[in-house]
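Engineer: Here it is: the structure, laid out below.
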2 protein chains.
Amino acid sequence: MEVIRSNFKDNLNKVYEAIEESDFLAIDGEFSGISDGPSVSALTNGFDTPEERYQKLKKHSMDFLLFQFGLCTFKYDDAEEKYIMKSFNFYIFPKPFNRNSPDVKFVCQSSSIDFLANQGFDFNKVFRNGIPYLNQEEERQLREQYDEKRSQANGAGSLSYLSPSSAKCPVTIPDDQKKFIEKVVEQIEDLLKNEESESLELEPCTGSVSEITYLLKNVFILKERYIVISKVDEEERKRREQQKQAKEQEELNDAVGFSRVVHAIANSGKLVIGHNMLLDVMHTIHQFYCPLPDDLSEFKEVTSCYSFSKLIPFIINNTSLAELEKRLKEVPFSPPKVESAEGFPSYDTASEQLHEAGYDAYITGLCFISMANFLGSFLSPRKNHVSARSKLVEPFFNNENQVCLTVWRNLPMVTSIQIPQNVGIDMVG
Amino acid sequence: MEVIRSNFKDNLNKVYEAIEESDFLAIDGEFSGISDGPSVSALTNGFDTPEERYQKLKKHSMDFLLFQFGLCTFKYDDAEEKYIMKSFNFYIFPKPFNRNSPDVKFVCQSSSIDFLANQGFDFNKVFRNGIPYLNQEEERQLREQYDEKRSQANGAGSLSYLSPSSAKCPVTIPDDQKKFIEKVVEQIEDLLKNEESESLELEPCTGSVSEITYLLKNVFILKERYIVISKVDEEERKRREQQKQAKEQEELNDAVGFSRVVHAIANSGKLVIGHNMLLDVMHTIHQFYCPLPDDLSEFKEVTSCYSFSKLIPFIINNTSLAELEKRLKEVPFSPPKVESAEGFPSYDTASEQLHEAGYDAYITGLCFISMANFLGSFLSPRKNHVSARSKLVEPFFNNENQVCLTVWRNLPMVTSIQIPQNVGIDMVG
């Protein structure tokens, strides 16, 4: 399912539900570039230590934008003995929210852009219709802005929290505005006396609104630029105040945007699968949470603090996702049984749609299912389905020991090793 | 006219012709961002000296991409007493040409991207279909690569420039390839003896091509990966060699791409008009010629060296192009008479398509015509049409004294000054 700014809010509950009901999740990101320094192959060199790789990616990859996020949720149906999957393709863009919001700069690498263009990637969906996001600090600042605005409004006497009689020090009105303000006061007094009229529309004014609002004891400001003043009773005033707060909360939610999905993934505590996942997780932390820590050990603390600890990255030397998916259909593995949920697009692995993030996440999920089920073949009696929650899978969690699932290029060679020495699947790091 | 990668070659002669026949040109660029440091208003602060502005733009604007280039050519039709204009909108993207070509990184600023998105800008046209380009150094390197490849091919004995009898030291053939090579030699000898067969298709091989090519005395390699060997006589060999060189030249031209249009503009020596033009010219030099010099005086030398000296930038304080265009239709100016050439799109100034580069260039041209004609109103007898080549306009050329046309905000005020004190149009800098 394609999710862009205009349908994001409507589909958010669907996303939450899919995450909540799932047995595990697979994610994948597409980026505006990979490396602003060494070549991509040098950057993701398989011989680097995890710390070296972390440092390289931190230095050379973080100025690019994660602009497509694929999420695939997998739920096992015991009766049907198959997985039901829901896939989402989120297009992401840091659209400035208002004049005070961050004006993000990001780098594009022409080879990466050209690669995606050749895959039919739709850049208009990103740049015109991408879902915005905020990191934690930006969200905090925006909340503060709203709070400040509200307290300013209160302080200046919009009366949302003030009784009409509360004593206040009057604001000094500049000489050139005195006439205008006096006229407004007169008009408001007339409005309050006159039982017939319910509201008053002020002339458009450039004068500071706060001076005027101070004078409004029994009235409510509807618009900030073009001021309409209405008589309201206490109840109506409260209702409108609540309305305004709800609207502010909605605006804030809109601005936090895609970060809400990331928070939901993190808070779900579900197992998250990815292919060459370090880059995806680093971008996810960097873009939606906070600046990346100095070293890998701190990074692990941060990811575990954001409940991103249950991660399984595939680290596969020189093996593309497409190749891996084909191998994991063959002996000694078996093709996984997976079907799209109703109303969700089904992917066809025959007509490869690789490098759409949602499809890559889907394939990653398929690979995981094959590998997890393969673990069951060493049990007696043999088990055809191994759940993502199974104790068998747990040793491979990317916990503080940074354990990763690895499939070696030469599969027949490693199938001779027995569990717990991790057959066909090996622990590294 | 919209020009993208696929129709670029077919339209290039049309572009050359339009430039050649024109009286003057107007250009405008759209960028992936404006400032990676100070706010845009601080960057283009009207109080800066030209040198300060140059330094600021050089430091904070050059990492962005000029990705749409508008060119509008204006040719005066004496009989009809009106200008005929041709407008071109070029979409530009540094698509990597081959594995050795530069992998350009450029920055995007979310506010600029969002601004263009709101104007309906089509990012797919840039990223999927943009015309590539090379700067002078890149073009030189690519030429060298081709030359090197050709001389390597000659040295290894593809025989394009070698007579079959020329003595050469044999290449050492690795043991594991000897059998394969021997078989190929045998096959080639058979081919040469056999009058009936004209060509020989080798088995796909991973072996080094040079060892094989050394053995080919009387034959021509058609493909480099999947080798087909054909018998050719001297004449046929020359024909094919020329074909190959022509193909290489075409590839090189394709890679130089949009830079060819910029070279044509520069070489034409035509007057080039722009609005707030310093940024456009800096990007043009930086992207299509060479890195920007350290200071403004050197920059002026460079622009004049590339025949970009006849430039007229409008420097208009706080006046948008749209506003300027409206003003220049009113007294004391008169609306210019301009029509689109046949087969070219006509722009409607009523339904503003501002911020499409071609349209902005068009409007800039209209403004220039109004201002140039206005100069004629001070002559006696009054002249309604003042050519772009007129001596009246010359003082405003952006020559080494960096003279710029400036229209002040308060037009009535300055209309009281008389030529040569530059009425309604003032010299600055």
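The values are calculated or read from the model by the stated rules, or taken from the named source; none is laboratory data. Not measured: the values here are computed from a predicted model. As a convention, Cβ positions derive from the backbone with ideal geometry for all residues, glycine included, and neighbour counts pool all protein chains shown. Keep in mind that these areas ignore ligands, DNA and RNA; they rest on the heavy atoms of the full protein, side chains included. Shrake-Rupley method; radii C 1.70, N 1.55, O 1.52, S 1.80 Å.
Engineer: Want the number for B:Ser334 to B:Glu182: 0.36 nm per residue separation, take away the alpha-carbon distance, what's left? Could the numbers behind the result be given before it?
Structural biologist: On the way: separation 152, 0.36 × 152 = 54.72 nm, distance 8.34 nm.
Result: 46.4 nm gained on full extension.
Engineer: So if R0 is 45 Å, what FRET efficiency would A:Glu342 and A:Glu235 give, r being the distance between their Cβ atoms, rounded to the nearest 0.05?
Structural biologist: Details: r = 46 Å, r/R0 = 1.01.
FRET efficiency, A:Glu342 to A:Glu235: 0.50.
Engineer: Among the listed pairs A:Lys75/A:Lys329; A:Lys9/A:Lys391; A:Lys149/A:Lys193, which are separated by more than 27 Å between their Cα atoms? Kindly include the intermediate steps, with their values, before the conclusion.
Structural biologist: Values: A:Lys75/A:Lys329 20 Å; A:Lys9/A:Lys391 37 Å; A:Lys149/A:Lys193 31 Å.
Result: A:Lys9/A:Lys391; A:Lys149/A:Lys193 exceed 27 Å.
Engineer: For the stretch B:1-108, divide the Cα radius of gyration by the Kirkwood radius and give the resulting Rg/Rh value with two decimals.
Structural biologist: Numbers: Rg = 18.0 Å, Rh = 16.7 Å.
Result: Rg/Rh = 1.08.
Engineer: With each label point set 7 Å from Cα along the Cα-Cβ vector, what nm distance links B:Asp190 and A:Asp175?
Structural biologist: 11.0 nm
Engineer: If you don't mind, there's one more thing I want to ask. Roughly how many Å² of B:Tyr76 are accessible to a 1.4 Å probe, to the nearest 10?
Structural biologist: 40 Å²
Engineer: With a cap of 16 neighbouring Cβ atoms within 10 Å, and only residues DSSP puts in a loop, list the GluC sites (Glu not before Pro) found in the stretch A:29-135. Provide the component values of the computation, followed by the final result.
Structural biologist: Working: sites: A:Glu30, A:Glu51, A:Glu52, A:Glu80, A:Glu81; in loops: A:Glu80, A:Glu81.
Hits after loop and neighbour filter: A:Glu80, A:Glu81.
Engineer: Heavy atoms only, 1.4 Å probe, whole protein assembly: order B:His355, B:His263 by accessible area, highest first.
Structural biologist: Details: B:His355 60, B:His263 40 Å².
In descending accessible area the options line up as B:His355, B:His263.
Engineer: Continuing with the same structure: Consider the operator that turns chain B into chain A: which B residue has a Cβ nearest its axis, and what is that gap in Å?
Structural biologist: B:Phe123, 2
Engineer: What list of ³J(HN,Hα) couplings, whole Hz, do you get for the stretch A:360-367 from phi and the Karplus terms 6.51, -1.76, 1.60, once you set θ to phi - 60° and write x for glycine and proline?
Structural biologist: Result, rounded to whole Hz: 4, 5, 4, 4, 4, x, 4, 4.
Engineer: Can you pull out the buried accessible area for chains A and B, both sides counted, probe 1.4 Å, rounded to the nearest 100 Å²?
Structural biologist: 2200 Å²
Engineer: Place the label 7 angstrom along Cα→C-beta at A:Arg389 and in each other copy, then list the distances from the first to the rest in nm, shortest first.
Structural biologist: Values, ascending and in nm: 8.5.
Engineer: Taking the label point 7 Å from Cα in the Cβ direction, how far apart in nm is A:Ala322 from each other copy of itself, listed shortest first?
Structural biologist: With the label placed 7 Å along Cα→Cβ, A:Ala322 yields 4.6 nm.
Engineer: Over the heavy atoms of A:Phe93, what accessible area does a 1.4 Å probe trace out, to the nearest 10 Å²?
Structural biologist: 0 Å²
Engineer: Pop a pseudo-label 7 angstrom from the Cα along the beta-carbon direction at both B:Leu252 and A:Lys149 and give the gap in nm to one decimal.
Structural biologist: Going from the B:Leu252 label point to the A:Lys149 one covers 6.0 nm.
Engineer: Let me ask something else. Among the lysines, which fall within straight-line cross-link reach of A:Lys59, defined as a Cα-Cα distance under 28 Å, with same-chain neighbours fewer than 8 residues apart omitted?
Structural biologist: Reachable lysines: A:Lys95, A:Lys105, A:Lys300, A:Lys310, B:Lys56, B:Lys58, B:Lys59, B:Lys95, B:Lys105.
Engineer: Report the local net charge at A:Val338: Lys and Arg +1, Asp and Glu -1, summed over other residues whose C-beta lies under 13 Å from its C-beta.
Structural biologist: On the way: positive: A:Lys75, A:Lys82, A:Lys86, A:Lys329, A:Lys337; negative: A:Asp23, A:Asp77, A:Glu80, A:Glu81, A:Glu325, A:Glu339, A:Asp348.
Neighbourhood net charge equals -2.
Engineer: For a Förster distance of 56 Å, can you work out the FRET efficiency between the beta-carbons of A:Glu394 and B:Asp36, rounded to the nearest 0.05?
Structural biologist: After rounding, the FRET efficiency stands at 0.75.
Engineer: Compute the label-point distances linking A:Lys149 to its equivalents in the other copies; points lie 7 Å from Cα along Cα→Cβ; give nm, one decimal, shortest first.
Structural biologist: Between copies, matching label points for A:Lys149 lie 5.8 nm apart.
Engineer: Please give the length that would be gained between B:Glu298 and B:Glu203 if that part of the chain were fully extended, namely 0.36 nm times their separation in residues minus their C-alpha to C-alpha distance (nm, one decimal).
Structural biologist: 28.3 nm
Engineer: Now a separate question. Contour minus end-to-end for B:Glu81 and B:Arg382, with contour as 0.36 nm per residue of separation and end-to-end as the Cα-Cα distance? Write out the running numbers ahead of the final one.
Structural biologist: Values: separation 301, 0.36 × 301 = 108.36 nm, distance 1.55 nm.
Going from the current span to full extension adds 106.8 nm.
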